1. So if I check each of B:P173, B:P127, B:P93, which one is more than 28 Å from A:C133 (Cβ to Cβ) and either open to solvent by 20 Å² or more (accessible area, probe 1.4 Å) or polar (S, T, N, Q) (or both)?
2. Please go through the stretch A:13-61 and give me each residue that is modelled with pLDDT of 80 or more, within 25 Å of A:R128 (Cα to Cα) and in contact with a Phe, Trp or Tyr (Cβ under 7 Å, 6 or more places away or on another chain), ordered by number.
3. Say whether the condition of being surrounded by 12 or more Cβ atoms within 10 Å (Cβ to Cβ), among the aliphatic types (A, V, I, L, M) and modelled with pLDDT under 75 is met by at least one residue in the stretch B:45-61.
4. Conditions: (1) more than 14 Å from chain A (Cβ to nearest Cβ); (2) open to solvent by 40 Å² or more (accessible area, probe 1.4 Å); (3) at pLDDT 85 or above; (4) closer than 21 Å to A:H127 by Cβ. B:L104 meets all but one. Number of the miss?
5. Find the residue count for the stretch B:93-138, including only residues that are in a loop (DSSP other than H, G, I, E, B), of a type in the set (G, A, S) and more than 18 Å from B:L165 (Cβ to Cβ).
6. Check B:S90 against each of (1) polar (S, T, N, Q); (2) at pLDDT 80 or above; (3) not in a loop (DSSP other than H, G, I, E, B) and name the one condition it does not meet.
7. Considering the stretch A:131-151 alone, what residues qualify as being hydrophobic (A, V, I, L, M, F, W, C) and under 30 Å from A:L93 (Cβ atoms)?
8. Specify the residue that is farthest from A:P15 (Cα to Cα); the eligible residues are those in the stretch B:12-39 that are touching a helix residue (DSSP H, G or I) at 6+ places or on another chain (Cβ under 7 Å) and among the small types (G, A, S).
Amino acid sequence: MSELESSSGKPNLTPILDMVFQLITFFMLVMNFKAAALDTSLRLPVVGSARAVDAQGQVSLLILNITKEGNLNVYGQSRTVESYIAGEAQAELLAARQKNPKLQPGDELPTTVVIRADRGTEYHMVHRVIEACQQHGFRNFALKALNREEG
Amino acid sequence: MSRRRRRKSQEEVELNLAAMLDMAFQLLTFFILTFKPAPVEGQVNLRLPPPTPVLQKGQQRDIGEMAPKEGEVPKGVSTLVITLNNNIQSRDPGKALSYTIGELGEGSTVGTLDQLNNKLQSIFSNPVNPFEQVIIQVPSRVRYDELMKVVDVFTRQKMPGDKKLSLSFVELPQTEVPAK
């Protein structure tokens with residue numbers, strides 16, 4: 001009774017503030033900042049045998065989003081297939097030369113090309129991208145797919 | 001000294017937390033509204049060598065030979081060709097209607113993925129399986145997910161002795177390809 005009288009009627013906001021900050025921390029941590037490189041509007045094909053991404057070791061990735069219309073999207077911007085891949089291959093070659101100075105243009109590059117193509121894309125559009133990558137020395141490909149249908 | 005301390009503690013500086021709480025709730029609202037868990041994406045890792053030209057029957061024996069019959073191993077056969085067949089005249093030209101194992105027009109054609117799976121199982125379960133690489137021929141109008149279904153079937157196959165086959169995709173040009 002005496003405690004109630006002594007309190008000035010102000011609620012103690014400290015616990016609620018603690019809780020809110022914990023929630024904020026949680027949402028900040030689970031926020032996916034990598035999603036900027038991924039075009040979430042694409043409907044990926046569903047492949048049951050698709051494995052979870054194995055991020056063992058420091059593998060450099062080149063993420064290519066191919067829309068249903070066959071456009072190459074990188075960080076939300078449409079790019080020309082040949083020139084973009086040629087530019088990336090040049091950059092990857094320079095980076096790979098630090099480990100292996102003998103690498104020549106057209107040699108196999110250690111980068112993995114991650115292809116995220118819409119399930120409705122006609123094959124010739126995907127093939128154009130794969131072929132351009134192969135011409136510039138990319139050999140390792142990761143075809144993105146969903147394990148099961150979403151929603 | 002002790003008197004001064006006592007006076008300080010009696011004054012009790014009170015922080016007004018209401019404003020901070022407002023801001024924290026705003027931040028929380030922002031994070032809740034923008035929270036969109038990314039779907040769990042898997043991937044199929046492939047090593048795709050540069051494309052090699054597919055020769056027609058008679059030009060090269062290696063490409064597109066039929067699967068060996070039981071107890072019979074054709075010499076020089078190293079490539080298994082899987083072809084997706086579509087009909088560009090149909091309403092859905094992007095759909096693979098059947099799958100041919102072997103050379104175009106020559107191999108055995110199956111209508112469903114289950115049948116393709118069974119066929120591949122019977123080929124790969126052969127301990128003297130002579131194939132070293134697999135080429136998937138895809139008509140240019142076929143949809144990407146139809147190819148991925150075949151890749152799915154292929155990657156599920158168990159090779160005797162964990163032998164690894166190389167995989168290549170070849171585009172079969174089709175007329176009526178829309179101008180880029």
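The values are calculated or read from the model by the stated rules, or taken from the named source; none is laboratory data. In this text, all values refer to a predicted model and were calculated from it rather than measured experimentally. Positions of Cβ are generated from backbone atoms using ideal geometry, with glycine treated the same way; all protein chains shown enter the neighbour counts. To get the accessible areas, we keep the full protein, side chains included, count just its heavy atoms, and leave off ligands, DNA and RNA. Shrake-Rupley method; radii C 1.70, N 1.55, O 1.52, S 1.80 Å.
1. Working: B:P173 fails: more than 28 Å from A:C133 (Cβ to Cβ); B:P93 fails: more than 28 Å from A:C133 (Cβ to Cβ).
The unique qualifying residue is B:P127.
2. Once the filter is applied, which keeps residues that are modelled with pLDDT of 80 or more, within 25 Å of A:R128 (Cα to Cα) and in contact with a Phe, Trp or Tyr (Cβ under 7 Å, 6 or more places away or on another chain), the stretch A:13-61 yields only A:P45.
3. yes
4. If we test B:L104 against (1) more than 14 Å from chain A (Cβ to nearest Cβ); (2) open to solvent by 40 Å² or more (accessible area, probe 1.4 Å); (3) at pLDDT 85 or above; (4) closer than 21 Å to A:H127 by Cβ, just (3) comes out false.
5. Just the residues of the stretch B:93-138 that are in a loop (DSSP other than H, G, I, E, B), to begin with: B:93-97, B:102-107, B:111-112, B:125-132.
If we keep only those that are of a type in the set (G, A, S) as well, we get B:94, B:96, B:102, B:105, B:107, B:111, B:125.
Still in the running and more than 18 Å from B:L165 (Cβ to Cβ): B:94, B:96, B:105, B:111.
Matching residues across the stretch B:93-138 total 4.
6. Only one criterion in (1) polar (S, T, N, Q); (2) at pLDDT 80 or above; (3) not in a loop (DSSP other than H, G, I, E, B) is unmet by B:S90, namely (3).
7. Within the stretch A:131-151, the subset hydrophobic (A, V, I, L, M, F, W, C) is A:132-133, A:138, A:141-143, A:145-146.
Of everything in the stretch A:131-151, those that are hydrophobic (A, V, I, L, M, F, W, C) and under 30 Å from A:L93 (Cβ atoms) turn out to be A:A132, A:C133, A:F138, A:F141, A:A142, A:L143, A:A145.
8. Quick first cut of the stretch B:12-39, residues touching a helix residue (DSSP H, G or I) at 6+ places or on another chain (Cβ under 7 Å) only: B:17, B:20-21, B:24-25, B:27-28, B:31-32, B:35, B:38.
Restricting the remaining residues to those that are among the small types (G, A, S) gives B:24, B:38.
On the way: B:A24: 13, B:A38: 31 Å.
My answer is B:A38.
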